[in-house]
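I have placed the structure first, in the form of structure tokens, so that the comments after it can refer back to it.
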Amino acid sequence: MKKFRLLVCGIASLCIMGAFVFGACDGGNENGGDNGGDNGGNVTEQPEVGTDVGDLCPDFEARIYTQVETGGDGLAAELSDETYSPEDSRGKVTVINFWGTWCNPCMNEMPYILQLAEQYADSVEVVAIHSTRVETNIATFLCEQGMIDSEVVFALDDPTQSTSIYETLAGPGVYPYTLVLDENGVIVEKFISAIDSYAALLEHVTPYL
């Protein structure tokens, strides 16, 4: 009888210990396992750097044209040592437009580029990068057309590098060529040839604001 009582007590003790261990393990899964799963689910995979839609735009530096004081009423500009990089406009939607003064379609769409930069100055950064394909006095042109006194960041493709900015961003060999980046610097739109209306340009930009 005494042995039977000891056996019963031993079994009861094992049951209690088992319940305790199970409860501890179950609590660990609830607090640690589930949270670990939540943390894993909240991690957003960063896009790869590339030139396709959905890729993070490759970084580059382009020297920009700045307005200079003339002492008179006229406009003057110069290619300065200041540079533009896509990281400079993080937090804004960015429009990068490759153009040239010699390119008629580029000049046809430029009024829409200027209007976009003016109307959405607080939320959109517009960068117009001039090609080095044809030698021209771009600073003089920007002043004569009054374009230097606008919200557009005018820059020059880098003629000193073996790979131009245009090529770095997979320029297709024709102008104009335009990319739209979201506020995180991800390419969300790419289009070749000129936009034929301001409304058409807005269709490429405003969905990402």
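What follows is calculated from the coordinates using simple rules that are stated; it is not laboratory data. Everything quoted here is computed from the prediction, not taken from an experiment. Neighbour counts are summed over all protein chains in view; Cβ atoms, including those assigned to glycine, are modelled from backbone coordinates with ideal geometry.
Placing unit charges on each Cβ (+1 for Lys and Arg, -1 for Asp and Glu) gives the range 62-208 a dipole about its Cα centre, and among V186, L114, A155 the Cα reaching farthest toward its positive end belongs to V186. Residue separation of E61 and A200 scaled by 0.36 nm, minus their Cα-Cα distance, works out to 47.2 nm of gained length. For the pair D52 and D122, a Förster radius of 30 Å applied to the C-beta separation gives a FRET efficiency near 0.55, rounded to the nearest 0.05.
Between A170 and E151, the distance separating the two model label sites (each 7 Å from Cα on the Cα→Cβ line) works out to 2.9 nm. In a simple Cβ point-charge model (Lys, Arg +1; Asp, Glu -1; nothing else charged), the range 65-181 has a dipole of about 440 debye relative to its Cα centre.
Beta bridges assigned by DSSP with both partners in the range 62-208 are antiparallel in approximately 60 percent of cases. Remark: spin-label model distance T136-T163 equals 2.8 nm, labels positioned 7 Å along the Cα→Cβ axis. Summing +1 for each Lys or Arg and -1 for each Asp or Glu among the other residues whose beta-carbon sits under 10 angstrom from that of Y120 gives -3.
Label-to-label distance for E144 and I192 is 3.1 nm, based on points extended 7 Å past Cα in the beta-carbon direction.
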